[in-house]
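Structure first, then comments.
The values are calculated or read from the model by the stated rules, or taken from the named source; none is laboratory data. The shown structure was predicted, so the numbers you read here are calculated from the model rather than taken from an experiment. As a convention, Cβ positions derive from the backbone with ideal geometry for all residues, glycine included, and neighbour counts pool all protein chains shown.
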Amino acid sequence: MKECGEILYQALIQSTDDFIYINDCKSGEFRYPRALVEMFSLPGEVVKNPLPYWKEIVHPDDWSRFYRSNMEIVENLTDEHLVEFRAKNRKSEYVWLRCRGKMMYDEDGKQMLFAGIMSLMGKQNKIDPLTQLLNHRVFCMELEKNIRLTEIEQLAVIMLDVDEFRQINELYDRDFGDWVLKILGQLIQGILPDNATLFRLEKDKMGILMTNVLEADVEAFYNKIQEHLIKIREWKQYRLELEISAGCAMYPKDGSDSEALYRYSDYALQRAKEQGKNRLVFFTEDILRM
């Protein structure tokens, strides 16, 4: 059986341009394909505790997101993994990767095997396959492009997150959770003003870029989203207490660097969660001191 498993693994990694990897949870060993090892100068095809090696090559601005997504698997907070990040290849160039995977359990309910796929984003399109929204990579590119355009005097960088989304998945199932994300994306897309673009970031998080707006405009749009949420709070036999938290950073008031604005909007989102969820919080310097 072990020999058959090795043959299957070799067949899979040789039949795709993506990087298929596995983690034996009992031994703690990760198995990476040679192509991935060579591209990112990893220490070998079999590695124990690879996070320190990834920390050396993952872009500093993506590390916390990458680390958090991995630790949620390690701590058994979720059984699925999806994160987009930049990593430095052997030519010292940062490339975008999408990493997604699934944890498998033994008959006693203990973590047994984690299997994942890493894909080079440059080889994929710009659309998130679930929601059909522009993806995280495009969000980062558009954010950087917008702050360079002279005709854009102000820019709102908004992050939205479904409160207690994990409970929706656990109470119903993941297919229903996916349905909620798709319907939510369609709802927001349908009320977007002409100066705004909606993106799917990661998991249940979405991003919006709004050009030439004031904080009052952002607040009015968030309130409009809240008003429309009632349309998907009830569906057939399900009753959903669907609530959305949001964080916003403003250019140029809060900064002129795209990576800083991304972080600040995420900090504001986390602050909204801490303050009781289901609210919009704008970034302030006080958040950095908390």
When residues of the range 103-125 are limited to those that are surrounded by 14 or more Cβ atoms within 10 Å (Cβ to Cβ) and in contact with a Leu (Cβ under 9 Å, 6 or more places away or on another chain), the one nearest to residue 33 (Cα to Cα):
118
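Please go through the range 28-50 and give me each residue that is over 23 Å from residue 75 (Cα atoms) and not in a loop (DSSP other than H, G, I, E, B), ordered by number. Outline the logic, then answer.
First, pick out the residues of the range 28-50 that are over 23 Å from residue 75 (Cα atoms): 33-45.
Correct list: 34, 35, 36, 37, 38, 39, 40.
Yes or no, residue by residue, for (1) among the β-branched types (Val, Ile, Thr); (2) under 18 Å from the mean Cα position of the chain (by Cα):
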{"residue": "83", "(1), (2)": "yes, yes"}
{"residue": "88", "(1), (2)": "no, no"}
{"residue": "136", "(1), (2)": "no, yes"}
{"residue": "141", "(1), (2)": "no, yes"}
{"residue": "148", "(1), (2)": "no, no"}
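Can you tell me which of 201, 181, 155 is within 17 Å of residue 132 (Cβ to Cβ) and in contact with a strand residue (DSSP E or B) (Cβ under 7 Å, 6 or more places away or on another chain)? First the steps, then the outcome.
Values: 181 fails: in contact with a strand residue (DSSP E or B) (Cβ under 7 Å, 6 or more places away or on another chain); 155 fails: within 17 Å of residue 132 (Cβ to Cβ).
Of the residues listed, the single one that is within 17 Å of residue 132 (Cβ to Cβ) and in contact with a strand residue (DSSP E or B) (Cβ under 7 Å, 6 or more places away or on another chain) is 201.
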Please work out which one of (1) touching a residue at least 60 places away in the same chain (Cβ under 8 Å); (2) over 16 Å from residue 199 (Cα atoms) is the condition residue 150 fails and give its number.
(1)
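Pick from the range 55-102 the residues that are among the hydroxyl-bearing types (Ser, Thr, Tyr) and without any contact (Cβ under 8 Å) to a residue 24 or more places away in the chain: which of them is surrounded by the fewest Cβ atoms within 10 Å (Cβ to Cβ)? Step through it out loud before you land on a result.
As a first pass, look at the range 55-102 and keep what is among the hydroxyl-bearing types (Ser, Thr, Tyr): 64, 67, 69, 78, 92, 94.
Now restrict to residues that are without any contact (Cβ under 8 Å) to a residue 24 or more places away in the chain: 64, 67, 92.
On the way: 64: 12, 67: 16, 92: 8.
My answer is 92.
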Only one of these conditions is not met by residue 176: (1) in contact with a helix residue (DSSP H, G or I) (Cβ under 9 Å, 6 or more places away or on another chain); (2) modelled with pLDDT of 85 or more. Which number is it?
(2)
Going through the range 74-92 one residue at a time, which ones are modelled with pLDDT of 90 or more and among the aliphatic types (A, V, I, L, M)?
87
Over the range 165-204, the set of residues in contact (Cβ under 8 Å) with a residue 60 or more places away in the chain, surrounded by fewer than 17 Cβ atoms within 10 Å (Cβ to Cβ) and under 17 Å from the mean Cα position of the chain (by Cα) is 166, 174
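Find the residue count for the range 240-271, including only residues that are over 21 Å from residue 61 (Cα atoms), of a type in the set (A, V, I, L, M) and in contact with a strand residue (DSSP E or B) (Cβ under 6 Å, 6 or more places away or on another chain). Write out each step before concluding.
Within the range 240-271, the first condition is being over 21 Å from residue 61 (Cα atoms), and the residues that meet it are 240-245.
Adding the requirement that they be of a type in the set (A, V, I, L, M) leaves 240, 242, 244.
With in contact with a strand residue (DSSP E or B) (Cβ under 6 Å, 6 or more places away or on another chain) added as a condition, the list becomes 244.
Residues in the range 240-271 being over 21 Å from residue 61 (Cα atoms), of a type in the set (A, V, I, L, M) and in contact with a strand residue (DSSP E or B) (Cβ under 6 Å, 6 or more places away or on another chain): 1 in total.
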Pick from the range 125-139, criterion within 14 Å of residue 62 (Cβ to Cβ) and out of contact with any helix residue (DSSP H, G or I) (no Cβ under 7 Å at 6 or more places or on another chain), ranking: modelled with the highest pLDDT
139
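Here's the yes/no breakdown for (1) under 23 Å from residue 72 (Cα atoms); (2) in contact with a helix residue (DSSP H, G or I) (Cβ under 8 Å, 6 or more places away or on another chain); (3) outside the structural domain of residue 82 (by TED's automatic domain parsing):
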residue	(1), (2), (3)
181	yes, no, yes
209	no, yes, yes
215	no, no, yes
265	yes, no, yes
Is there a residue in the range 16-32 that is buried (at least 17 other Cβ atoms within 10 Å of the Cβ), among the polar types (S, T, N, Q) and either within 18 Å of residue 203 (Cβ to Cβ) or in contact with a Phe, Trp or Tyr (Cβ under 9 Å, 6 or more places away or on another chain) (or both)?
yes
For the range 255-272, does any single residue satisfy the condition of being buried (at least 17 other Cβ atoms within 10 Å of the Cβ) and at pLDDT below 90?
no
